[in-house]
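Heads up, the thing below is written out as structure tokens.
Throughout, read-outs are computed from the coordinates displayed, never taken from laboratory work. Please read all numbers here as calculations on a predicted model, not as lab measurements. Here the Cβ positions follow ideal geometry from the backbone for every residue, glycine too, while neighbour counts run over all protein chains shown.
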């Protein structure tokens, strides 16, 4: 074999190896390659389910035992796209849009308070014939999740909480100005609309990006459009967005601690230490309150919406929490 033949065989072998590796990554799914679904693909996957609360928008990936992901405010199910990419090989992952947010359609007068959101999600699970789920939540979605496990503990196998409300910190003081704006019917027009119109402003220190994202650059133009455009799409939707913000007060978790102290659902807390909204005491409070706490993992410097920015962390802790359960973690 001469030098030229050797080089051709070597290069061919390397190319074949690279193609095989790419094929293996594709077989394992988007998580392995670090791919995150874009807004167009996420929107194309959106479905609607009819409930007594209205038409609830959701995206579903995977099959088998179900996991329910509850987003923060003023986001929607798109917040969990990276987690769904990484976890849909292990669970039937469902990411709905809460009432008043995203693409969910509800009638005038429908309550969008946390308690109503919790019952809406139970109705969604019923409509999808799902009896029990693993629950993952962030921000105001964490308050909804606590109400769910308090009211309907048998429907939840595990709970993964990220930065969110607690009974002692709901709503957090940082939200009071927005709540007062919303009660005057001005929050959507005066706070949200300027950030949709000027996305660099949205990513600035005065916008959502600077306040809630560890790296504001990760709040992309398409994400801002996907989050804010539906809320600003009509006078009705603007009113529902204001109603969501206004309903954060009074405290939706008042009196819930005794119920949580009796909760038998295993709970893991993953907390960003750079949060500018919620108290740094909240994760320890949650760990003390839930009798089956699996402890706290702190993510140094991470802000409120880190689950969107760092989906690998969510996937890692979810898999560890789920793996302790009876349904296991064999890829599907």
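Computed values, structure above
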quantity: Distance (nanometres) between label positions extended 7 Å along Cα→Cβ at residue 320 and residue 254; calculated: 3.7
quantity: Semi-axis lengths (Å, descending) of the ellipsoid that matches the C-alpha gyration tensor of the range 171-327; calculated: 31, 20, 14
quantity: Cα centroid separation, the range 104-139 to the range 170-244 (Å); calculated: 22
quantity: Packing-based exposure ordering (other Cβ within 10 Å, fewest first) of 271, 80; calculated: 271, 80
quantity: FRET efficiency, residue 184 to residue 131 (Cβ-Cβ, R0 45 Å, nearest 0.05); calculated: 0.60
quantity: Nearest-ten-degree value, helix 311-323 long axis tilted from longest Cα axis of the chain; calculated: 90
quantity: Estimated 222 nm signal from helices in the chain, with DSSP H stretches of n ≥ 4 weighted -39500 (n - 2.57), rounded to 500; calculated: -12000 deg cm²/dmol
quantity: On Cα atoms only, tilt of 114-127 relative to the major axis of the chain in degrees; calculated: 50
quantity: Cα long-axis angle, helix 3-28 against the chain (0 to 90 degrees, to the nearest 10); calculated: 30
quantity: Residue 221/residue 261 FRET efficiency (R0 41 Å; Cβ-Cβ; nearest 0.05); calculated: 0.40
quantity: The range 283-322 versus the range 33-76: alpha-carbon centroid distance in Å; calculated: 21
quantity: Relative contact order of the chain, defined on C-alpha pairs under 8 angstrom at six or more residues apart (%); calculated: 19
quantity: Residues 220, 289, sorted so that the one with the fewest Cβ neighbours within 10 Å comes first; calculated: 220, 289
quantity: Potential lengthening between residue 292 and residue 168 on full extension [0.36 nm per residue; Cα-Cα distance subtracted]; calculated: 42.6 nm
quantity: Rounded to whole Å, sorted largest first: equivalent-ellipsoid semi-axes of the range 120-215, Cα gyration tensor; calculated: 31, 15, 15
quantity: Likely footprinting exposure, 314, 130, fewest C-beta neighbours within 10 Å first; calculated: 130, 314
quantity: Tail fraction, Cα-Cα pairs, the chain, threshold 34 Å, whole percent; calculated: 22
